[in-house]
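The values are calculated or read from the model by the stated rules, or taken from the named source; none is laboratory data. Quick caveat: nothing in here was measured; it's all calculated off a predicted structure. Positions of Cβ are backbone-derived with ideal geometry, glycine not excepted, and every protein chain shown enters the neighbour counts.
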């Protein structure tokens, strides 16, 4: 429902923008050209004012929506609706979608709107164009879910599920699958509620086993809903997740693995980090061998080097016997800290500090230098500036300590960050700072000028 | 109700001899005792709808039910007649003299039908087009298609007077004396009217086809003939404000006049009338009708620049004293002459004056004379006025261009926004949906119903008090009041600050002037000059925009008119410029 607003800006303004850019592309100004282009577009006839005013009306609605003036928007909607009677069937077709989106937006937010009004609106809009039926049904169901009316939503989806319209239905297969999957999701919801109830029961209770059996059979029924959708390429995270949960519950581990593997590795599917996360978590639950876990995380590392699972990846690599894995472990940590979102991640810094020490102890200076080479130019300003030193110290002394240690090791004793932390004569960390000084002296990759 | 209607029929039932008739849904009589349905239908018998015998005779033919739609057989020109009638009625309620409708417009329309050979002539265009048919029908045509003498037929009343029966002495045009349309054609291309298809394909040299904008041109011609106090821009503004039926005018056709298929292209209008378009139509129609010279526009007529300038000075909130100057410019340019103001369609180059645009242009020229409008002089003059007004608070205040600009800018911007909002909310679609063919009919009606339902739903959520009430018609768009600080009035302000006494005469303080156009376009494209906004001073742009908004015309049109006045006012200058360019050409 919320991403309507993004799409809303498109339909009306799209062609305007194209035309403007076509006109002003060369930097010259031709005031008559726009009119001329319009004339060509309308085959020489003057653009009808009907089109003009409904266009103006549309922009008034957009403005009102932007300013959250729902009443005003509704007022203009009244006038805009006449576009559904446009003599041009193409325009009518595209208008349907705009009317639906704007109208549902207004009805969603309007203080005097109710579910009943929304329902009547949706039911009317569904029947305007054949191709809109499923889309609107689905969005209608989402609205109902949003308002907690799960049963209504489910009924709605069942209705949409059985919708067929000759050859048109084949072109909308994905939509039908999506409708089914949402229905499945709703069933999953009730299923997981029952599962919760079950967990409250005593395992030795007689009722437990029957209830468990019921739940299993329920999950079987539900999983059918997901089947078709999951086979079509796309991003189906919530569906896959619930599907797998139900499969696992009913003991079908192979099935779950198959679903997750194809979801993660099938080339027809778009790259989706979550697919790998789900697979990894599943394998972890399964206590799969480390090599398998590593291979999953390696792909995730390539897609999202800043993922929080990278810390786990690092730990796995660290424990590995292979040298290249251990080298990668360092790269993973550096890569993680390249991202602005991780600058305050104390665990990452802690890992890096200890790992640096460990690696340098093992005389792998070259590894560190290799990683540092590309970051030398920007990390000092990015992580180890005077500003950061001050704010880190103020907010998190442990973090400041870890960072100072790393700064000292990578940049030498002269580094600003290191010096600033060193200067802080704090009672509690005196010992720590002393230790830090020592290790910096020992491991710094910067050779002190002799 | 049903029983009452059925009492009209006093015949006995052919089956059971009872006299107790009821009406079926199709308007046919049926016997209530034996349920025998007769072939007689109500329309034929009920003479209330058909006011006289002659028309009744035609109506029997006209009201035959067509194959697809239950309705009358009607002709396109009847549709226009209906629209004209409504427009004339609306004009009457706006306060225009009833003669405009009953005499002038009526006669123009009659003349039009005659000239375009649609009626009142020996050989109407439709009959000649379908000769075979004519031969068949000649017998019963002959007694009422014998031409202009029908004009004196005082018996018939028609649509034009349907609203005002009292003027039954005025002759009225007859509905189309044309034969029935071949029904077989109607299968693929169809129309609700009998001749919709032929009409839309009708091309004849020298004939001006009537269109919906054409009806407005006819209305304007009648107003002009009567020298009514309505300008073309007023007329069009009333149309836009829905005081005169135009866009959905077909909506109020009688229920039996079905409108679909090709009629849609003829009667459905999706644009407001455009000033220049209607203006062109007016001249075109007037020449086509071969109208004689119109009544003289003399100094006491509303359309004379002296009177119109007063109106626009008031509307634009400018000092009354400016009127003296506009008067003088009118005199100097000879624009107040009866000959140049009076419309004469028979003259070689038929041309009517755009009275309203001309008056506005005159005011612009005077403003240029007084304030130069070069984005400098008007502001320094404003400074002087401000200082003077500050010092002499009791005197009549000097007109201060700056304060005037500030007031006007604010009010016009507000008004424009309201205007745009009202336009955006305009409901274009009629209660009767239009469709291409019978297949579309149910879809169109269903769509209409759905839109109405949706509209109901959203209007319930809109503000309970509609923001745009229908404005009562007024020839003034602004109201200025002395005591209202929001819309202060400048009418009483004096021009002393911008005039100098020189001997017995007053001269303008500003002695400079710039011409809006140096050269006039001589090509056939019909524009006089080009108006590229950015080439002109901001004050000039503002003033052009102000007046073009008041008249609902393009600024370029007003600019053209200003240039034309300047051409007359500075004749010498222009002829010199011409000479110069000519001599230069020779040298080259």
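Here is how the numbers come out for the structure above:
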item	result
Residues satisfying the stated conditions in the stretch A:83-103, i.e. modelled with pLDDT of 90 or more and within 9 Å of another protein chain (Cβ to nearest Cβ)	A:99, A:103
Tally of residues being in a loop (DSSP other than H, G, I, E, B) and farther than 16 Å from residue A:75 by Cα across the stretch B:408-427	0
Residue count, the stretch A:121-161 (criterion: surrounded by 16 or more Cβ atoms within 10 Å (Cβ to Cβ), within 14 Å of chain B (Cβ to nearest Cβ) and in a helix (DSSP H, G or I))	7
Qualifying residue in the stretch B:442-452 (condition: closer than 23 Å to residue A:73 by Cβ, over 34 Å from the mean Cα position of the chain (by Cα) and facing chain A (nearest Cβ under 9 Å))	no
Criterion violated by residue B:417 - all others in (1) away from every other protein chain (no Cβ under 14 Å); (2) modelled with pLDDT of 90 or more; (3) exposed (fewer than 14 other Cβ atoms within 10 Å of the Cβ) satisfied	(1)
Residue B:429 vs. criteria within 14 Å of another protein chain (Cβ to nearest Cβ) and modelled with pLDDT under 90	yes
From the options B:436, B:476, residue that is more than 8 Å from chain A (Cβ to nearest Cβ), under 28 Å from residue B:95 (Cα atoms) and either under 31 Å from the mean Cα position of the chain (by Cα) or not in a loop (DSSP other than H, G, I, E, B) (or both)	B:476
Residue match in the stretch A:104-116 (condition: touching a residue at least 24 places away in the same chain (Cβ under 8 Å), more than 11 Å from every other protein chain (Cβ to nearest Cβ) and either under 21 Å from residue B:449 (Cα atoms) or not in a helix (DSSP H, G or I) (or both))	yes
Residue A:90 vs. criteria under 23 Å from residue B:271 (Cα atoms) and surrounded by fewer than 15 Cβ atoms within 10 Å (Cβ to Cβ)	yes
So residue B:397, is it more than 14 Å from every other protein chain (Cβ to nearest Cβ) and within 24 Å of the chain's Cα centre (by Cα)	no
Checking residue A:62 against (1) within 8 Å of chain B (Cβ to nearest Cβ); (2) within 36 Å of the chain's Cα centre (by Cα), the condition it does not meet	(1)
Only listed residue being in a helix (DSSP H, G or I) and free of Cβ contacts under 8 Å to residues at least 40 places away in the same chain, chosen from A:235, A:240	A:240
Residue selected from the stretch A:42-59 under the condition out of contact with any helix residue (DSSP H, G or I) (no Cβ under 8 Å at 6 or more places or on another chain) and modelled with pLDDT under 80, by the criterion nearest to the other protein chains (Cβ to nearest Cβ)	A:42
Residue check for residue B:203: in contact (Cβ under 8 Å) with a residue 60 or more places away in the chain, more than 26 Å from residue B:472 (Cα to Cα) and not in a helix (DSSP H, G or I)	no
Residue B:557, sole failed condition from (1) in a loop (DSSP other than H, G, I, E, B); (2) surrounded by 16 or more Cβ atoms within 10 Å (Cβ to Cβ); (3) within 36 Å of the chain's Cα centre (by Cα); (4) touching a residue at least 60 places away in the same chain (Cβ under 8 Å)	(1)
Whichever residue in the stretch A:263-282 is free of Cβ contacts under 8 Å to residues at least 24 places away in the same chain and part of a helix (DSSP H, G or I) and, among such residues, is farthest from residue A:330 (Cα to Cα)	A:265
Among (1) surrounded by fewer than 23 Cβ atoms within 10 Å (Cβ to Cβ); (2) within 16 Å of residue B:79 (Cα to Cα); (3) within 12 Å of the chain's Cα centre (by Cα), the one test that residue B:242 misses	(2)
Scope the stretch B:292-301; condition in contact with a helix residue (DSSP H, G or I) (Cβ under 9 Å, 6 or more places away or on another chain) and either surrounded by fewer than 19 Cβ atoms within 10 Å (Cβ to Cβ) or within 14 Å of chain A (Cβ to nearest Cβ) (or both); matching residues	B:294, B:295, B:296, B:298, B:299, B:300
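Quick grid of which residues meet (1) closer than 23 Å to residue B:561 by Cβ; (2) within 14 Å of chain A (Cβ to nearest Cβ); (3) touching a helix residue (DSSP H, G or I) at 6+ places or on another chain (Cβ under 8 Å):
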| site | (1), (2), (3) |
| --- | --- |
| B:250 | no, no, yes |
| B:255 | no, no, no |
| B:261 | no, yes, yes |
| B:279 | yes, no, yes |
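Residue-by-condition table, conditions (1) under 25 Å from residue A:198 (Cα atoms); (2) buried (at least 16 other Cβ atoms within 10 Å of the Cβ); (3) within 23 Å of the chain's Cα centre (by Cα):
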{"site": "A:224", "(1), (2), (3)": "yes, no, no"}
{"site": "A:229", "(1), (2), (3)": "no, yes, yes"}
{"site": "A:240", "(1), (2), (3)": "yes, yes, yes"}
{"site": "A:266", "(1), (2), (3)": "no, no, yes"}
